[in-house]
Amino acid sequence: MKDRLVVILLFLVLAGTVFLFPGTATETAASSGDVVVICNPGVPTDSLSKAFLRDIYTGKQKVWSDGKKIVFVVLKRSKAHKRFLKQYVRKTESQFQNYWVNMVFSGKGQAPQKFSSEEKLVQYVKNTEGAIGYISSSTNRGGAKVVAVQ
Amino acid sequence: MKKITIFTLFVSLMLSGSPQAYEFGGVTIHGFVSQGYLKSDDNNYVADTEDGTTEFNEIGVNFSAPMAEKLSVGMQFFSRDMGDFGNNDLIVDWAFIDYSWEKWLGFRIGKIKVPYGFYNETRDIDASRTFILLPTSIYAEMSRESYSSLNGASIYGDIPLSMLGTLNYQFQFGRIDIDNDSGIAYRLSTAGFSTINEVDVDDVYVSSLIWETPLEGLRVGWSNMLLEIDVDAGINMVYGYYINTATPMWVVPIGPGVWAPFPIGVDPPDYYIHTFVDMDVEVDLEMLYRVSDLDVDIFSVEYIYDDLIIAFEYMTEKLETVILDKDTMDLYENPLTGEPLLPSNELETKSYYISASYRFCDWFELGAYYSVAYYNKDDKDGELIDPLSGVAKGARAWLKDDCVTARFDINENWALKLEHHSMDGLFYIQPDNDGNIDKNWHLYAAKLTLRF
């Protein structure tokens with residue numbers, strides 16, 4: 001009975017933590033700045049829906065409208081990464097990582113390539129057919145195409 | 001030798017820091033290794049846990065390659081040890097060709113993971129969850145190999161439902177290979193079977209529907225599995241009576257000089273209290289133990305709000321068991337009376353759990369669950385008298401598990417977990433090394449895991 005009380009108490013603490021300390025483990029919008037979504041100039045679109053973007057980053061949407069393969073990439077741990085995931089993929093950093101660990105080890109998908117710097121990501125997207133990524137709004141786009149997300 | 005190899009590999013990977021995925025000629029290689037420790041204060045849980053055991057590891061390596069825009073191929077080798085199970089034999093965990101025609105329709109052919117509940121497809125991947133041991137009510141260790149993957153084909157996809165969210169579906173058809181030393185054998189041995197010669201599974205049908213609701217973070221699922229299992233088994237039985245009842249019955253050996261009514265059910269201390277008088281009638285029966293119309297339904301709910309994940313799953317298992325004479329395929333007869341030795345038996349189990357986990361920061365996560373499993377949903381207190389043995393299952397009729405876990409992410413690749421289980425009940429639990437068994441017991445687990 002004492003053990004059960006401990007488990008119930010822990011449940012309550014876990015649930016209460018969310019409402020008492022919202023955003024303790026995730027970046028708030030104000031602190032992380034905006035992100036922009038960039039594509040290879042050859043990608044046949046200038047705008048994407050949020051749902052389409054989310055499908056890309058969860059591995060459900062695999063090709064562009066012209067049939068070319070979508071190559072989606074991510075930043076390593078950073079404010080822009082957390083901000084992008086929260087705003088467009090609706091997952092925390094650890095949830096996104098676990099999602100792709102599960103996809104990879106159950107054979108359902110290939111995890112996105114990770115970049116340690118926004119500049120390297122921009123170069124990769126600019127030079128890779130069908131590539132899509134994201135950067136901080138203040139970062140130089142370097143010839144990659146910015147797409148609007150609606 | 002296998003254990004030394006895995007230990008060496010584990011230490012090598014530890015010393016290498018944070019290994020990354022590898023790519024050679026378009027083939028991507030990922031892997032994971034984990035090593036755990038289990039200790040119980042009473043009883044033995046799928047291993048010699050009373051003395052503490054390190055026979056608790058998992059290792060997996062997978063290879064995948066895109067063949068075309070919509071076509072890919074991959075396979076994963078897997079090895080695990082958990083006491084009596086796995087023993088680090090190398091198996092192909094999955095290997096299939098995947099053609100994703102459209103978002104709403106795809107096909108897989110080969111050895112495919114079974115979408116049993118929300119977490120069966122990913123249960124081998126310790127790195128992606130909070131808990132060391134998934135709730136045993138739904139994800140019993142003894143069923144793990146049996147329900148892991150099937151050889152066959154599946155169709156799958158996501159159907160958009162406009163304002164109502166998305167419906168994800170998977171339908172599978174195929175066959176399952178079950179080894180003679182798998183968890184099925186373990187389950188039967190706890191009932192008193194002495195030898196398992198062969199386990200044969202007929203066609204398996206699996207259905208899974210997951211509704212991603214319009215409420216952000218909420219998904220609701222239903223999965224179903226239909227199969228039939230034939231077990232070629234043997235039982236060594238002795239006829240006699242306990243002096244307290246003087247009622248003759250068939251018993252099976254459960255230890256040196258210790259006998260229990262078949263099927264084993266009552267709390268074992270009773271076996272020791274009363275002397276058994278052997279009437280010098282002993283038979284070795286070879287039989288076909290048939291589990292027909294095994295129908296497993298799981299209802300699942302998961303809600304994610306920021307760093308909080310709450311899950312609830314409820315399972316019923318309906319089955320009919322019958323013991324047949326291998327030669328005549330008739331019910332096995334009692335050698336003394338000519339009556340059926342065991343009548344056909346219909347059974348419905350009931351299991352559920354609720355869990356919650358919260359990630360406090362990049363490196364720390366806490367989780368807890370309460371899990372309940374009943375052997376027979378109509379006998380939750382274990383008071384139903386078995387018509388053959390004349391005794392009730394007692395505490396073997398249930399297992400209630402209060403679990404608390406702490407997870408520490410050392411870096412992106414390494415994680416350490418510590419877990420405590422407070423158990424009530426003996427459903428599929430083995431006695432300790434002295435033959436004693438205690439209804440209330442504790443299990444402690446620790447695990448270090450790496451993925452790349």
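The values are calculated or read from the model by the stated rules, or taken from the named source; none is laboratory data. These numbers come from a predicted model, not from an experiment. We place every Cβ from the backbone using ideal geometry, glycine too, and count neighbours over all the protein chains shown. For the accessible areas, the whole protein counts, side chains as well, though only heavy atoms, and no ligand, DNA or RNA atoms are used. Shrake-Rupley method; radii C 1.70, N 1.55, O 1.52, S 1.80 Å.
Take the protein assembly as shown with all the other protein chains still there, run a 1.4 Å probe, and you get 43 Å² of accessible area per residue. Placing +1 on the Cβ of every Lys and Arg and -1 on the Cβ of every Asp and Glu, with no other charges, gives the stretch B:61-205 a dipole of roughly 480 debye about its Cα centre. Using a cutoff of 8 angstrom between alpha carbon atoms and counting only pairs six or more residues apart, the relative contact order for the stretch B:2-451 works out to 14 percent. Compute the whole-percent fraction of alpha carbon pairs in the stretch A:29-149 spaced more than 23 Å apart. Result: 23 percent of Cα pairs exceed 23 Å.
Partner chain Cβ atoms within 10 Å, averaged over the residues of B:401-413 - can you pull that number for me?
Going residue by residue through B:401-413 and averaging, the value is 2.
The mean number of Cβ atoms from other chains found within 10 Å of a Cβ in peptide B:299-308 is 4, as a whole number.
Working with all protein chains in place, sort A:Val146, B:Val291 by solvent-accessible area computed with a 1.4 Å probe, largest first.
A:Val146, B:Val291
For the protein assembly as shown, taking Cα atoms only, Rg and Dmax work out to 26.5, 92 Å respectively. Modelled spin-label separation between A:Lys79 and A:Arg141, with each label point placed 7 Å from Cα along the Cα-to-Cβ direction: 2.2 nm. Sequentially through the stretch A:45-55, phi angles give Karplus couplings (6.51, -1.76, 1.60; θ = phi - 60°) of 7, 10, 8, 10, 7, 4, 5, 5, 5, 5, 4 Hz, Gly and Pro residues having no value and appearing as x.
Set against the 2.2 N^0.38 Å expectation for a compact globular protein, the stretch B:403-452 has a Cα radius of gyration ratio of 1.56.
Each Lys or Arg adds one and each Asp or Glu subtracts one; over the other residues with Cβ under 12 Å from the Cβ of B:Pro253, this totals -3. Considering the dipole of the protein assembly as shown built from charges on the beta carbon (Lys and Arg +1, Asp and Glu -1) around the Cα centre, which of B:Ile310, B:Ser189, B:Ser149 is farthest to its positive end? Towards the positive end, the residue furthest out is B:Ile310. Principal axis extents of the C-alpha atoms in the stretch B:136-217 (largest first, rounded to whole Å): 57, 27, 13.
Cross-link partners of B:Lys70 among aspartates and glutamates, defined as those whose alpha carbon lies under 17 angstrom from its own and excluding same-chain residues fewer than eight positions apart: A:Asp55, A:Asp66, A:Glu129, B:Asp98, B:Glu102, B:Asp158. Annotation: extensible slack from B:Thr54 through B:Val277 equals 76.2 nm (criterion: 0.36 nm per residue apart, minus Cα-Cα distance). Once backbone amide H atoms are built at 1.01 Å from N, B:Gly192 has B:Ile264 as its partners under 5 Å, excluding neighbours fewer than 5 places away on the same chain. Remark: chain B carries a charge dipole of roughly 1540 debye about the Cα centre, counting +1 on each Lys and Arg Cβ and -1 on each Asp and Glu Cβ.
Here the spin labels are modelled as points 7 Å beyond Cα on the Cα-Cβ line, and at B:Glu346 and B:Asp362 they lie 5.8 nm apart.
Using the 2.2 N^0.38 Å rule of thumb for compact globular proteins, work out how the stretch B:331-380 stacks up: its C-alpha Rg over that value, please.
Ratio of Rg to 2.2 N^0.38 Å for the stretch B:331-380: 2.28.
Derived scalar couplings between HN and Hα for the stretch B:37-47 equal 9, 10, 8, 10, 7, 9, 6, 10, 10, 6, 7 Hz in order, rounded to whole Hz, by the Karplus curve 6.51 cos²θ - 1.76 cosθ + 1.60 (θ = phi - 60°), x for Gly and Pro. A Förster distance of 45 Å, applied to the separation of the beta-carbon atoms of A:Arg54 and B:Asp232, puts the FRET efficiency at 0.35.
Would you mind checking A:Lys114/B:Lys417; B:Lys111/B:Lys417; A:Lys76/B:Lys39; A:Lys76/A:Lys108; B:Lys318/B:Lys400 for any pair whose Cα atoms are more than 28 angstrom apart?
Pairs exceeding the cut-off: B:Lys111/B:Lys417; A:Lys76/B:Lys39.
For a label point 7 angstrom out from the Cα of B:Glu198 toward its Cβ, which stretches of the stretch B:227-256 have the backbone nitrogen within less than 13 Å? Backbone N within reach: B:230-233.
With the simple model of a label 7 Å out from the Cα in the direction of the Cβ, B:Tyr305 to B:Lys377 spans 3.0 nm. Considering amide H positions built from the backbone, and no H for Pro or chain starts, which residues 5 or more places from A:Leu75, or on another chain, come under 5 Å of its amide H? Distant-sequence amide H within range of A:Leu75: A:Phe115. Calculated on C-alpha atoms, the gyration radius of the stretch B:121-182 divided by its Kirkwood radius gives an Rg/Rh of 1.07.
Packing-based ranking of B:114-120, B:198-204 yields B:114-120, B:198-204, ordered from highest to lowest mean Cβ neighbour count within 10 Å.
In the distance distribution for chain B, Cα-Cα pairs more than 29 Å apart total 52 percent. The length gained on full extension between B:Phe171 and B:Glu339, counted as 0.36 nm times the residue separation minus their Cα-Cα distance, comes to 56.2 nm. Chain B contacts chain A over a buried accessible area of about 4300 Å², both sides summed; the probe is 1.4 Å and only protein chains count. Amide H contacts of B:Phe85: none lie under 5 Å away among residues 5 or more positions distant or on a separate chain (H built 1.01 Å from N in the peptide plane; Pro and chain starts excluded). Rounded to the nearest 0.05, what FRET efficiency do B:Ile385 and B:Lys39 give with R0 = 45 Å and r taken as the Cβ-Cβ distance? Could you check? Taking R0 as 45 Å, the efficiency between B:Ile385 and B:Lys39 is 0.80. Here the average projected area of the convex hull drawn through the C-alpha atoms of the stretch B:36-133 stands at 7.8 nm².
Give the percent of DSSP beta bridges with both residues in the stretch A:29-149 that are antiparallel, rounded to the nearest 5. Expressed as a percentage, antiparallel bridges in the stretch A:29-149 total about 55. To the nearest 10, the accessible area of B:Ile385 is 110 Å² with a 1.4 Å probe.
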